[in-house]
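Here is the structure we will look at, set down as structure tokens.
The values are calculated or read from the model by the stated rules, or taken from the named source; none is laboratory data. Please read these numbers as outputs of a predicted model, since none were measured by experiment. Don't worry about glycine lacking a Cβ; one is built from the backbone with ideal geometry, like all the others, and counts go over all protein chains shown. Surface areas here come from the heavy atoms of the whole protein model, side chains and all, with no ligands, DNA or RNA. Shrake-Rupley method; radii C 1.70, N 1.55, O 1.52, S 1.80 Å.
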Amino acid sequence: MDKALLWFKNLFTRKEIEESKSIMQKNSYAENETSCYGSINGADASVVSCVPCGNHTSRGFVTCPTCQGTGRIPREQEQQLVALIPYGDQRLKPRRTKLYVFLTVAICLLTTCLMMYFLFPRSVAVVPSGLNASTISFDNSTPSIILNMTNILNVTNNNFYPVYVAQLDIEVFHKAVVIGKKMVMTQLDIRPLQSAQILYSVSSTITDNNTYKICTWIRIKVHNVLLHIQGTLTCSYLSHSEQLSFENYQYVDCRDSVLLS
């Protein structure tokens, strides 16, 4: 009877010893893993833990390229290694990259086309509108005809930016002879897609004897003088200066006259 009790006592003692050994082994393994996963900021050693330092020989594991499988990195590399991101992380594979590139290219092309459309220089139309008023006087001593006339000039800005008209030069011809000149400093600003009128007066002197007879002969019912007007309009826009030429033929009635002695 005593031998049986002793045998049972030794059996229970062996089981307790084996259980305590297994618990100690588990605790030691956990401590090793904890030391390998030690905090970077709180470690005082010369090396900092990187990954679990267990020696895995299975085919399902790959050696860490940073610590070369040691589980630790040098202290001087602590500030260089911020985080370990898995190779298959979605943050390393931006989504909708093609869409963003396409939208960027489309916006750039659209902006360029709009700038070219609105900033492309268009023509400034200069159209003579004809005679506004005229006064004629005769000088019998020469004989000559003194003609003062006021003309209208229409200027149209076809651009999407203002145009500055600085100067107007006028020459009046009669039978290919210059009979009058005038330079006018207009200083006119024309708004985008707007029109403006310029009134200019020119004093001319006709010394042709036949023209003098036509204008003073009472028997002739039609007293018209054909004049050829040429002009140059100087304008500027977008730091660019341009000269626009125009010409016009017009008849001037010389019946109503003032005789100068």
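Summary table below
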quantity: Single residue of Leu109, Leu103, Leu119, Leu114 found to be of a type outside the set (Lys, Arg) and in contact (Cβ under 8 Å) with a residue 60 or more places away in the chain; calculated: Leu119
quantity: Breaking point among (1) more than 21 Å from Thr150 (Cα to Cα); (2) among the aliphatic types (A, V, I, L, M); (3) open to solvent by less than 80 Å² (accessible area, probe 1.4 Å), for Ile218; calculated: (3)
quantity: Any hit, the stretch 198-214, residues being in contact with a Pro (Cβ under 6 Å, 6 or more places away or on another chain), surrounded by fewer than 16 Cβ atoms within 10 Å (Cβ to Cβ) and of a type outside the set (S, T, N, Q); calculated: no
quantity: In the stretch 157-207, residue nearest to Ser241 (Cα to Cα) [restricted to those that are touching a Leu at 6+ places or on another chain (Cβ under 8 Å) and hydroxyl-bearing (Ser, Thr, Tyr)]; calculated: Tyr164
quantity: Selection status of Val184, of a type in the set (Val, Ile, Thr), open to solvent by less than 80 Å² (accessible area, probe 1.4 Å) and modelled with pLDDT of 95 or more; calculated: no
quantity: The stretch 245-261 residues that are among the hydroxyl-bearing types (Ser, Thr, Tyr), paired with ones that are open to solvent by 70 Å² or more (accessible area, probe 1.4 Å) and at pLDDT 85 or above (beta carbon under 6 Å, 6 or more apart); calculated: Tyr251/Asn224; Tyr251/Leu226
quantity: Filter result for Met116 (under 19 Å from the mean Cα position of the chain (by Cα) and not in a loop (DSSP other than H, G, I, E, B)); calculated: yes
